[in-house]
Amino acid sequence: MKKIIISLAFGLASVNSWSICAYNLDATQADLQSQLSERFPSVTGSEVSYSTTLTNKIYSAMSKSIYNNLVTSAGDFNTLNGDKELATNGIQAFEFKFKLPQILDNKTMLNIFPIIAGGKMLNGENINFMISYQKLGSVNSFYLTLTSPNNVGQTTTLPIQTTSDGYQYLGIYLNQNSNQIGVIFNGVNKGYIDNYPSKLKNIFFTINSNYTDMTNQDIGKNVEIKLITDSSQISQSYPTSTTDICGINI
């Protein structure tokens, strides 16, 4: 009996250590067309991508559960409950990995607008952390803003950098002890950029992108966006004891 108990305990520990913290952007094309956008041509789990064309496009991705809640709330993101529960203490992190093309025409506009990481706080209100990117002429930057129904925070601007692998890495960490949100960009910890009024009890994610006025020299270029929620895939360095959004140590 003792051997059985020890084996069972070891097995449970192994399952926990190998559990995957996944987030699936599984809303369908029909779902998203009802919200006046299209599903990204390629969606795998929490990774989306597309290639530019001459036709202006608006792409979206979200989970099926968030889509259903959005329909019920008449499109109001400020009432949504997130579909991932969060611990209300400690520090939780998630990341985005971006592959952005070099756009040559100064009149072409490429946006990732917006990525939303939002949810319900313990005080009953919602917050939405807005991540946007724009390339238009000399503009080539990310923009980060924390919003709530009664407040729009200060915008943090992060110009695109040259990286060794050509990707841009954006890490977000939520300090649930101090109600602060921190940012790591391409390996550099920018520290806390804003506060939120109450502990966040759940979280959801949506991704949107559009482009206009593409010309022949800029078509067929790939845009890739990957949401990373699992500790085994997180690449940036976070404060000590940080976990992924499922509570697994990074």
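Things worth noting here:
- Simple point charges give the picture: +1 on the Cβ of Lys and Arg, -1 on the Cβ of Asp and Glu, and for the stretch 26-156 a dipole about the Cα centre of about 320 debye.
- Efficiency of FRET between ASN151 and GLN217 - r from beta-carbon atoms, R0 35 angstrom, step 0.05: 0.25
- Cα point-scatterer Debye curve for the chain, base-10 log of I(q)/I(0) at q = 0.11, 0.13 Å⁻¹: -0.61, -0.84
- Extension gain, THR53 to ASN106: 0.36 nm times the residue separation minus the Cα-Cα distance gives 17.5 nm.
- Residue-wise HN-Hα coupling along the stretch 132-137, computed from phi with Karplus coefficients 6.51, -1.76, 1.60 (Hz; x: Gly, Pro): 10, 9, 9, 10, 8, x
- Compared with the dominant Cα axis of the chain, that is its longest principal axis, helix 2-18 is turned about 20°.
- Taking amide H as placed 1.01 Å from N in the peptide plane, the amide H of LYS221 sits under 5 Å from that of THR52, each at least 5 places away or on another chain.
- Residues with amide H under 5 Å from that of TYR196, placed H, sequence gap 5 or more: GLN180, ILE181
- Computing FRET efficiency as 1/(1 + (r/R0)^6) for SER19 and ILE160, where r is the C-beta to C-beta distance and R0 is 41 Å, gives about 0.75.
- For the pair ASN123 and SER241 in one chain, pulling the backbone fully straight at 0.36 nm per residue adds 39.9 nm over the alpha carbon distance.
- About its Cα centre, the dipole of the chain is roughly 440 debye, where the only charges are +1 on Lys and Arg Cβ and -1 on Asp and Glu Cβ.
- Estimated vicinal HN-Hα couplings, Hz - the stretch 161-176 in sequence order (Karplus 6.51, -1.76, 1.60; Gly, Pro = x): 10, 7, 10, 5, 9, x, 9, 9, 10, 10, x, 10, 10, 9, 8, 7
- With both labels modelled 7 Å from their Cα along Cα-to-Cβ, the LYS199 to GLN233 distance reads 2.8 nm.
- Only helices enter this figure: runs of n ≥ 4 DSSP H residues, each worth -39500 (n - 2.57), summed and divided by the residues of the chain, yield -3500 deg cm²/dmol at 222 nm to the nearest 500.
Laboratory data are not the source of any read-out in this text; all were calculated from the coordinates shown. Model, not experiment: these values are computed from the prediction. Methodologically, a virtual Cβ is constructed for each residue, glycine included, from the backbone with ideal geometry; neighbour enumeration extends over all protein chains shown.
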